[in-house]
1. For residues that are of a type in the set (D, E, K, R) and within 16 Å of the ligand (Cβ to nearest atom), scanning just the range 145-176, find the one that is nearest to Leu130 (Cα to Cα).
2. Within 13 Å of the chain's Cα centre (by Cα), closer than 30 Å to Leu8 by Cα, modelled with pLDDT of 95 or more and aliphatic (A, V, I, L, M), is that true of Val215?
3. Restricting attention to the range 123-162, which residues are of a type in the set (Ser, Thr, Tyr) and either closer than 18 Å to Cys198 by Cβ or surrounded by fewer than 17 Cβ atoms within 10 Å (Cβ to Cβ) (or both)?
4. I'm trying to understand the selection: among the residues of the range 110-147, which are assigned to a loop (DSSP other than H, G, I, E, B) and without any contact (Cβ under 8 Å) to a residue 60 or more places away in the chain?
5. May I ask you to verify whether Ala33 is under 18 Å from the mean Cα position of the chain (by Cα), under 17 Å from Thr362 (Cβ atoms) and among the aliphatic types (A, V, I, L, M)?
6. Of all residues in the range 234-266, count the ones that are closer than 25 Å to Ile180 by Cβ, surrounded by fewer than 22 Cβ atoms within 10 Å (Cβ to Cβ) and away from the ligand (no atom under 16 Å from the Cβ).
7. Scan (1) farther than 21 Å from Gly339 by Cβ; (2) at pLDDT below 95 for the single condition Gly19 breaks and write down its number.
8. If the requirement is being over 16 Å from Tyr201 (Cα atoms), of a type outside the set (D, E, K, R), in contact with a strand residue (DSSP E or B) (Cβ under 6 Å, 6 or more places away or on another chain) and part of a helix (DSSP H, G or I), which of these qualifies: Leu236, Leu271?
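The values are calculated or read from the model by the stated rules, or taken from the named source; none is laboratory data. Owing to the predicted nature of the structure, the values given are computational and were not obtained by experimental measurement. Neighbour counts are summed over all protein chains in view; Cβ atoms, including those assigned to glycine, are modelled from backbone coordinates with ideal geometry.
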Amino acid sequence: MQEQFEPLKNDLILRAARGEKVERPPIWVMRQAGRYLPEYHEAKGNRDFFECCRTPEIASTLTLQPIERYAGLIDAAIIFSDILVIPQAMGMVVEMVDKKGPSFPEPLKSPDDGQYEKVMQKQVDVKAELDYVYKAITLTRYKLKGRVPLLGFCGAPWTLLCYMVEGGGSKLFVQSKTWIYKYPEASKALLQKIADICVEYLALQVAAGAQMIQVFDSWAGELSPASFKTFALPYLRHISQNLPKRLKEMNLELVPMTVFAKGAWFALEELCDSGYNVVGLDWQHDPAKAVEVAKGRVTLQGNADPGVLYGDRAAITAVVEDMVRGFGGGKRGWIVNLGHGITPFVNPDDLKFFFEEVHRLTAS
Ligand code: 1CP
C-alpha cells in the first residue's frame, strides 16, 4: 500500500527531468543538507553521523533544513542519508570519523579473504536492513506537505566497491585498481551483487515516497574510458533497466532517474544512452558542449564549480551567467545544480545569492 501524501505544489524538477518545457529551470544542490549549515551542527549535536541517518525524526529534520532556509528558492529535497548504508546492509562495519570521513575497520582485501566470501554469501534483506531509510523518507514526505519533491538516492556499484576495498576515501585507489586489474571476475561478481541491491533499495525508497532518484558514481573519473565501460557502465545500466521493471511489479509509478558519474567526461555520449532521464555533469564540462553531445536525449543537471561559493558575489554572478548561456536559457532540459556537493565552510548566504541569481537570470 502506498501512503497518501499532500499533492505537490511544485513539480518543476519532475517536469524538467521528463524533458518538458518549464517556466524556469529547477534548482537544488548536492549535499544541500550538511556541514556548511549551522543548523545542521545544532540538530546533530554530538550524535554519531550514522545514528542521525538511522533516526527518522533527525534525518527528516536535517533533510528539511535547506528547504526551510531557502524557501521559494529551492525545488527539491534529498533524503538525509549516505551512500555507505549499502555496504553496512551487506554486513560491513562503517564508521564516520569526525573530520576524517568514512572508515571501514575491515575492508575487503582479496577474493580469498574470508570477508569477501562473507559479503558475497550474505543474503541481504534490503527491506529489513534499510528500513530506517524508508521510514525517514515517509516521515519527510509528510513533513514536506507537498512543498517540493523528495529525492531518493544510492551509491553506484563502482563507487561503493572503491569504499569497500579501500576502507575509506582514497587518493591513489591502489586497492580498487588491484581488484579490477588482478581480480576482474571477483570484482564483477561484487559489482553485480551491489547493483541488484541498488535496484531493490531504490524501489523500496520509491514505495516509501521518493519521487525521483539519483545514482552517485562519485569515483567514475578514476577509471579509464575502457575500464569505465567494463566496471561502471554495465552496472549503471543494470539499475536503469531493472528499477522500472521492479516498480511495475510492485504496482508503483515510474520515477525520473538521474545518473551522476563524476569525472567521466569521456563517457558523456554513453551516459546519454544509459537509460537515465537526467545526466548530472561535474564542473569540468563546458555546458554548451555537453548540450551539443546530449542532443536533447536527456535532461542535463549541473554544473557550477562548487568552489565559486568561496568567491565574491561578482564571481558567483559570472558563473551563473555562463551556465544560463551555456544551457541555452534553461526552459527545457536543464536542472540547475553545482558540479559536485557543496563543501564545508561555504557561507549559507552565498548559496542563497547563487539561488537568487539563478532565479533572476532565468525569470521568464
Ligand atoms: O543533502 C544531502 O545531499 C545529504 C545527503 C548525503 C548524500 C546524498 C550525504 C550526507 N552524503 C551523500 C552522498 C555521499 N556520501 C557521496 C556521494 C556524493 C558525493 O560524491 O559527494 C559520497 C562519496 C559519500 C561518502 C561520504 N560520506 C563522504 C566522502 C568521503 C570521501 O571519500 O571523500 C563523507 C565526508 C561522508 C559523510 C557525510 N555524508 C553526508 C554528510 C552531511 C556527511 C558529513 C558528516 C559530518 O561530518 O557531519
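1. Glu166
2. So Val215 passes the test.
3. Those that are of a type in the set (Ser, Thr, Tyr) and either closer than 18 Å to Cys198 by Cβ or surrounded by fewer than 17 Cβ atoms within 10 Å (Cβ to Cβ) (or both): Tyr132, Tyr134, Tyr142, Thr159.
4. Once the filter is applied, which keeps residues that are assigned to a loop (DSSP other than H, G, I, E, B) and without any contact (Cβ under 8 Å) to a residue 60 or more places away in the chain, the range 110-147 yields Asp112, Asp113, Lys122, Gln123, Asp125.
5. Values: under 18 Å from the mean Cα position of the chain (by Cα): yes; under 17 Å from Thr362 (Cβ atoms): no; among the aliphatic types (A, V, I, L, M): yes.
Here the answer is no, as Ala33 does not meet what is asked.
6. Qualifying residue count, the range 234-266: 7.
7. (2)
8. Being over 16 Å from Tyr201 (Cα atoms), of a type outside the set (D, E, K, R), in contact with a strand residue (DSSP E or B) (Cβ under 6 Å, 6 or more places away or on another chain) and part of a helix (DSSP H, G or I) holds for just one of Leu236, Leu271, which is Leu271.
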